[in-house]
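Participant: Quick one: structure below, then a few questions.
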Amino acid sequence: MNWLSQIVAVTWLNLRTLWQRRGASAAAAFGVAGVVAVFIAVLSIAEGFKKTLTSNASADTAIVMRSGSDSEMMSGLDRDSTRIIAEAPGVLRASQGPAASAELFVVVDVPKRSTGTDANVPLRGVQSAAFDVRSEVQMIEGRRFAPGKNEVIVGRAAAAEFRGLDLGNHIRWGENEWTVVGIFSANGGLSESEIWCDAGVLQPAYRRGSTFQSVYVKLESAEAFSRFKDTLTPDPRLDVKVVRESEYYEAQSRVITGIINGLGKAIAVLMGIGAIFGALNTMYSAVASRSREIATLRAIGFSAAPVVISVLAESLFLCLLGGIVGAAGAYFAFNGYQTATLNWASFSQVAFAFAVTPKLLVQGIAWALVMGLVGGLFPAIRAARLPVATALREQ
Amino acid sequence: MKFLPLAWQNLKRKKLRTFFTVGSIAVAFVLFGYLAAIRVGFSAGIDVTGADRLMVIHKVSIIQPLPISYRDQISRVPGVKEVSYANWFGGIYQDPKNFFAQMAVEPVSYLALYPELILPEAQRKAWLEDKTGAIVGRVTADRFGWKVGDKIPIQATAYRRKGNNPVWEFNLSGIYDGKEKGTDTSTFYFHYDYLNEGMGGNLGFVGWYMIRIADPARAQEVVDRIDNLFANSPAETKTQTEKALAQSFANQVGSIGQIISAILAAVFFTILLVAGNTMAQSVRERTNELAILKTLGFKSGQVMALVLIESCVIAAIGGLLGIGFAWLLIQKGDPTGGTLPVFYFPGKDMVLGVGIALALGIATGFLPALRAMRLRIVDALRRV
């Protein structure tokens with residue numbers, strides 16, 4: 001009998017008899033399923049957060065802030081600067097002029113529906129070109145705010161997460177009363193966590209005079225960015241830095257994704273060790289309970305390698321099974337789970353959904369196979385080294 | 001206790017199985033330790049807030065400034081013993097990813113309000129005398145390898161001095177420690193006056209006020225007095241206890257911490273379940289041995305004790321190993337590279353862990369032990 005058919009025969013024999021050892025095998029697979037599910041669930045938080053921050057951020061949108069600021073909140077630009085920026089080369093010309101929106105970014109305290117405690121909700125003052133810059137923003141209820149009036153429109157996620165932001169409500173922040181006149185969607189992106197109003201109304205309400213904090217610009221193309229940046233940065237009338245929207249939000253997502261990925265991976269490794277112990281226990285008992293069978297195979301001429309491979313295959317099969325169950329469980333339990341957290345970079349709330357991505361599923365199952373390999377290797381070696389004569393004699 | 005050697009022999013019989021079972025229990029308890037530390041990290045400091053301290057912030061949002069003139073008005077409110085203030089600086093040290101909080105404060109009143117910041121007297125004096133001086137907590141000092149006397153350049157973001165170098169330079173006058181484990185020692189404090197002068201000398205506002213009150217039981221009265229004092233003014237206030245503010249921040253970070261905790265708790269119990277199953281199985285396999293012991297004259301209770309001792313020994317060894325290892329790992333710092341302000345293994349959770357380990361030993365041993373106790377010798381011996 002050739003080597004390959006030996007492997008196939010012994011492996012098939014192992015897998016067919018797996019059912020007889022179902023108790024311990026299921027326990028090992030269950031352990032692996034748990035590890036994979038947790039690994040995927042924790043990392044899907046980071047993926048979801050990042051996706052919300054970056055999904056709508058495009059390479060052909062630029063953000064201009066005062067140089068040295070790492071966020072809009074810390075920036076400040078006077079009205080003249082914003083005009084120079086809007087007229088710069090590379091800016092897309094929309095129907096009513098350049099697609100450039102000078103904006104203010106503040107936070108207001110609004111209670112969370114879930115806890116009733118105040119949360120920092122971003123309130124963004126925009127100019128009408130904001131709707132040209134962010135074409136994904138669509139009104140789903142009501143209408144846009146009227147220029148010059150104390151009216152706000154609320155992102156879909158913010159309306160769901162925070163109390164009192166429903167259409168038609170009146171809200172008091174400081175000395176001003178605002179009316180919610182519309183609810184908008186933004187393709188699942190960050191804007192859906194924000195409240196928008198006319199920048200011209202927000203300036204006096206927050207005593208910002210005629211200053212803004214950032215200018216959002218839609219460029220003619222992604223390639224126009226360097227021309228735009230190289231015109232503005234050296235301009236002696238300005239003191240600004242120009243970043244791509246996609247890079248800005250990628251950087252903002254880094255703090256939280258760093259925390260979660262750090263925790264998630266540490267946890268996954270630890271749990272993996274626990275699951276490997278479980279798999280080892282199972283596979284050692286499997287080898288022990290079949291020692292007569294293995295010895296018989298060896299006695300009738302099977303070599304050691306097929307025995308090693310068959311034990312490894314069994315272990316890999318169990319862990320793969322566990323991995324698939326765990327991955328599927330994580331997907332159905334956590335994909336799309338809605339929550340909100342504080343984005344430290346903008347000191348405001350971001351509503352987002354957990355995202356179980358194909359990449360995570362693959363990583364989770366790969367981790368299951370690593371556990372299967374380690375958990376099967378040592379028992380496999382023991383199986384191969386079983387002294388044939390003694391093993392045959394056992395009861 | 002005379003059964004201990006016998007239980008020990010039983011454990012030694014299948015060394016590998018015992019080793020892996022102990023190992024997986026230990027891993028479960030390492031996770032348990034992490035769980036406790038993460039919960040502390042995400043609820044940063046709620047447990048260590050002072051009951052006699054109130055925070056006064058702008059009613060619209062904490063990012064809105066309050067006039068500096070409020071200081072005197074607040075200090076005249078009955079029930080207020082001490083007032084201090086702070087202002088967020090938000091600068092960058094070398095790179096935005098090196099984030100830590102920087103606050104401009106009035107040093108004397110601030111240190112008086114926060115006795116949990118332990119600063120050697122000489123360093124305290126040095127800080128008070130040097131207007132460009134700053135103090136920083138142990139965590140941040142260690143993170144960047146700073147020593148007292150270093151010059152720390154911090155690049156301004158919001159506070160840009162007109163026509164000047166955007167970098168503010170500070171002399172590190174002191175490094176403070178936390179009085180308790182949960183005290184945040186990541187913050188960098190410097191003189192509000194230095195900030196004010198750098199910005200032209202009439203900043204006119206601060207970020208928020210903190211207050212010590214005479215009687216924590218009457219906090220609500222003081223809260224109402226202060227908020228009424230500034231009602232209908234351009235900058236209305238929201239006064240709350242320090243704990244309430246910390247809690248609302250923890251709520252803002254939201255369910256992420258809770259979800260990670262819930263997941264970890266689920267895993268912890270899963271691993272225990274799997275390990276418990278193995279332990280119970282190893283007793284079941286020896287049913288006829290137990291019958292032989294009974295034949296030899298062991299009482300039912302003694303057999304039960306033997307089985308229980310065995311499972312408790314495994315659980316205790318695994319549990320203690322795990323808790324000890326978790327403590328070591330957590331001492332080495334948090335896995336996110338210093339972004340969680342506090343990360344430690346609370347003592348009460350260690351005690352809880354030991355309790356759970358014992359409970360595990362009893363729970364996994366109990367059913368097999370009960371079976372062993374009720375075993376009829378004849379049936380068991382016949383079952384070979």
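Read-outs: derived from the displayed coordinates by stated rules, not from any lab. Computed from a prediction, not measured in an experiment: that's the story for all the values here. Note that we place each Cβ from the backbone using ideal geometry, even for glycine, and neighbour counts take in every protein chain shown.
Participant: Near residue A:251, within a Cβ-to-Cβ distance under 12 Å, what is the net charge of the other residues, with Lys and Arg +1 and Asp and Glu -1? Show your work: numbers first, answer last.
Facilitator: Values: positive: A:50, A:244, A:254, B:97; negative: A:70, A:245, A:247, A:250, B:95.
Around residue A:251, the charge tally is -1.
Participant: Using just the alpha carbons, could you tell me how many Å³ per residue the convex hull of segment B:271-339 encloses?
Facilitator: 93
Participant: Right, something else. Using a 10 angstrom cutoff on alpha carbons, build the Gaussian network for chain B and name the most mobile of B:204, B:50, B:174.
Facilitator: B:204
Participant: Sort A:277, A:378 so the one with the fewest other Cβ atoms within 10 Å of its own Cβ comes first.
Facilitator: On the way: A:277 26, A:378 16.
With the sparsest Cβ surroundings first, the list reads A:378, A:277.
Participant: Order these peptides, B:306-315, A:198-207, B:94-103, by their mean beta-carbon neighbour count within 10 angstrom, highest first.
Facilitator: Working: B:306-315: 23.7, A:198-207: 18.3, B:94-103: 15.8.
Most protected by this proxy first, the peptides run B:306-315, A:198-207, B:94-103.
Participant: Now, a different point. Rounded to whole Å and sorted largest first, list the principal axis extents of the Cα atoms in segment A:1-156.
Facilitator: That works out to 86, 45, 36 Å along the principal axes.
Participant: Based on the alpha carbon coordinates of segment B:211-269, what radius of gyration and maximum Cα-Cα distance (Dmax) apply, in Å?
Facilitator: Using the Cα atoms of segment B:211-269, the pair Rg, Dmax is 17.8, 55 Å.
Participant: Let's test the formula: R0 of 25 Å, r as the Cβ-Cβ distance of residue B:348 and residue B:177. What FRET efficiency results, to the nearest 0.05? Provide the component values of the computation, followed by the final result.
Facilitator: Numbers: r = 22 Å, r/R0 = 0.87.
It comes to 0.70.
Participant: Where Rh denotes the Kirkwood radius from the mean inverse Cα pair distance, what is Rg over Rh for segment B:106-186? If you can, show how the numbers build up before the last one.
Facilitator: Numbers: Rg = 13.5 Å, Rh = 13.6 Å.
When Rh is taken as the Kirkwood radius, the ratio is 1.00.
Participant: Mean-square fluctuation check for chain B, GNM, Cα pairs under 10 Å: which of B:133, B:182, B:149 is largest?
Facilitator: Highest fluctuation among the options: B:149.
Participant: Suppose every K and R has +1 on its Cβ and every D and E has -1 on its Cβ; what is the size of the dipole of segment A:1-86 about the Cα centre, in Debye to the nearest 20?
Facilitator: Details: 8 positive and 6 negative charges, 129 e Å.
My answer is approximately 620 debye.
Participant: Computed from the mean reciprocal separation of all distinct C-alpha pairs, what Kirkwood hydrodynamic radius does chain B have, in Å? Spell out each step's value before the answer.
Facilitator: On the way: mean 1/r = 0.0401 Å⁻¹.
For chain B, the Kirkwood estimate is 24.9 Å.
Participant: Counting pairwise Cα distances across segment A:262-339, what percent come out greater than 15 angstrom?
Facilitator: Details: 2103 of 3003 pairs.
The share of Cα pairs beyond 15 Å in segment A:262-339 comes to 70 percent.
Participant: In whole angstrom, how far apart do the alpha carbon centroids of segment B:1-76 and segment B:85-155 sit?
Facilitator: After rounding, the separation between the Cα centres reads 26 Å.
Participant: Average partner chain C-beta neighbours within 10 Å, per residue of A:66-76? Spell out each step's value before the answer.
Facilitator: Details: counts 4, 2, 9, 6, 9, 4, 0, 4, 10, 3, 3.
Mean shielding by partner chains, rounded to a whole number: 5.
Participant: Taking the square root of 5 times each eigenvalue of the Cα gyration tensor, what semi-axes in Å does the equivalent ellipsoid of segment B:130-244 have, largest first?
Facilitator: Numbers: eigenvalues 198, 104, 21 Å².
Calculated on Cα positions only, the semi-axes equal 31, 23, 10 Å.
Participant: Mind ranking A:119-126, A:58-65 by how tightly packed they are, going by the mean number of other C-beta atoms within 10 angstrom, highest first? List each step's numbers first, then the result.
Facilitator: Working: A:119-126: 25.5, A:58-65: 22.0.
Highest mean packing first, the order is A:119-126, A:58-65.
Participant: Taking +1 at the Cβ of each Lys and Arg and -1 at the Cβ of each Asp and Glu, which of B:29, B:69, B:199 sits farthest along the dipole of chain B towards its positive end, judged by Cα position relative to the Cα centre?
Facilitator: Looking along the dipole axis, the top candidate is B:29.
Participant: Throw me the Rg/Rh for segment A:276-395, computed over C-alpha atoms with Kirkwood Rh, two decimals. Walk me through the numbers before you get to the answer.
Facilitator: On the way: Rg = 21.7 Å, Rh = 17.0 Å.
Reported Rg/Rh, Kirkwood definition of Rh: 1.28.
Participant: Quick one: the Cα spread of segment B:180-285 along its three principal axes, in angstroms, biggest first?
Facilitator: Sorted from largest, the Cα extents of segment B:180-285 read 82, 36, 26 Å.
Participant: Now for a different question. Taking each full run of DSSP H in chain A as one helix, which ones are at least 18 Å long along their axis (Cα atoms) and have mean Kyte-Doolittle hydropathy of at least -1.0?
Facilitator: Numbers: long enough: A:3-16 (20 Å, 0.81); A:22-54 (46 Å, 1.27); A:254-289 (51 Å, 1.29); A:304-334 (44 Å, 1.89); A:358-385 (41 Å, 1.15).
Membrane-span-like by this criterion, though nothing is claimed about a membrane: A:3-16, A:22-54, A:254-289, A:304-334, A:358-385.
Participant: What average count of beta carbons from other chains do you get within 10 Å of the Cβ of residues in B:29-40?
Facilitator: Values: counts 0, 5, 6, 0, 1, 4, 1, 0, 0, 4, 0, 0.
If you average over the peptide's residues, the count of other-chain Cβ atoms is 2.
Participant: List B:378, B:223 from most exposed to least, where exposure is judged by having the fewest other Cβ atoms within 10 Å. Don't jump to the answer; show the numbers that get you there.
Facilitator: Details: B:378 10, B:223 21.
Taking fewest neighbouring Cβ atoms as first place, the list is B:378, B:223.
Participant: What is the Å³ per residue value for the convex hull set by the Cα atoms of segment A:15-63?
Facilitator: 93
Participant: Oh, and also: How much net charge surrounds residue B:299 when only the other residues with a Cβ under 14 Å from the Cβ of residue B:299 are counted, with Lys and Arg +1 and Asp and Glu -1? Before the final figure, lay out the partial values.
Facilitator: Values: positive: B:2, B:294, B:374; negative: none.
With Lys, Arg at +1 and Asp, Glu at -1, the net is +3.
Participant: State the percent of C-alpha pairs, over all pairs in chain A, separated by a distance greater than 32 angstrom.
Facilitator: So the portion of pairs separated by more than 32 Å is 51 percent.
Participant: Calculate the radius of gyration of the Cα atoms of segment B:33-131 to one decimal place, then report Dmax, the largest Cα-Cα distance, as a whole number, both in Å.
Facilitator: Rg then Dmax for segment B:33-131, in Å: 16.5, 47.
Participant: Let me ask something else about it. Provide Rg and Dmax in Å for segment A:71-167, with only Cα atoms included in the calculation.
Facilitator: Just the Cα atoms of segment A:71-167 yield Rg and Dmax of 15.6, 48 Å.
Participant: Separate question: As an exercise, identify the GluC sites (Glu not before Pro) in segment A:188-241 lying in DSSP coil whose Cβ has no more than 14 other Cβ atoms within 10 Å. Mind dumping the intermediate values first?
Facilitator: Values: sites: A:192, A:194, A:220, A:223; in loops: A:194, A:220, A:223.
When the GluC sites (Glu not before Pro) of segment A:188-241 are filtered for loop state and at most 14 Cβ neighbours within 10 Å, A:223 remain.
Participant: Any idea which of B:102, B:157, B:58 is furthest toward the positive side of the dipole for segment B:40-174, if Lys and Arg beta-carbons carry +1 and Asp and Glu beta-carbons -1?
Facilitator: B:157
Participant: Okay, moving on. Which three extents, in angstrom, do the Cα atoms of the protein assembly as shown have along their principal axes, listed largest first?
Facilitator: Sorted largest first, the three principal extents are 95, 62, 52 Å.
Participant: Further, regarding this structure: Round to a whole angstrom and tell me the spacing of the C-alpha centers of segment A:353-370 and segment A:178-237.
Facilitator: Value for the Cα centre distance between the two parts: 37 Å.
Participant: Please state, as a whole number in µm²/s, the translational diffusion coefficient that the Stokes-Einstein equation yields for segment A:199-340 at 4 °C and 1.567 mPa s, with Rh defined as the Kirkwood radius across alpha carbon pairs. Don't skip to the end; give the middle numbers.
Facilitator: On the way: Rh = 22.5 Å.
For these conditions, the coefficient is 58 µm²/s.
Participant: Right, another one. Note down the net charge around residue A:169, summing +1 for each Lys or Arg and -1 for each Asp or Glu among other residues with Cβ under 14 Å from its Cβ.
Facilitator: On the way: positive: A:113, A:163, A:172; negative: A:141, A:151, A:166, A:177.
With Lys, Arg at +1 and Asp, Glu at -1, the net is -1.
Participant: Kirkwood hydrodynamic radius, computed over distinct alpha-carbon pairs, for segment B:171-228: how many Å, to one decimal?
Facilitator: On the way: mean 1/r = 0.0657 Å⁻¹.
Taking the inverse mean of 1/r over all distinct Cα pairs, segment B:171-228 comes out at 15.2 Å.
Participant: What translational diffusion coefficient, to the nearest whole µm²/s, does segment A:240-281 have by Stokes-Einstein, given a Kirkwood radius computed over alpha-carbon pairs, a temperature of 25 °C and 0.890 mPa s viscosity? Please report the intermediate quantities before stating the final value.
Facilitator: Details: Rh = 12.9 Å.
This corresponds to a translational diffusion coefficient of 190 µm²/s.
Participant: I've got another one for you. Assuming 1.002 mPa s and 20 °C, estimate D for segment A:1-82 with Stokes-Einstein, Rh taken as the Kirkwood radius over Cα pairs, in µm²/s. Show your work: numbers first, answer last.
Facilitator: Working: Rh = 19.2 Å.
So the translational diffusion coefficient is about 111 µm²/s.
Participant: Peptide A:17-27: average number of partner chain Cβ atoms within 10 Å per residue? Please list the in-between numbers first.
Facilitator: On the way: counts 0, 0, 0, 0, 0, 0, 2, 4, 0, 2, 6.
If you average over the peptide's residues, the count of other-chain Cβ atoms is 1.
Participant: How long are the semi-axes of the ellipsoid equivalent to segment B:54-198, from square roots of 5 times the Cα gyration tensor eigenvalues, in whole Å, largest first? Before the final figure, lay out each step's value.
Facilitator: Values: eigenvalues 114, 80, 44 Å².
Those come to 24, 20, 15 Å.
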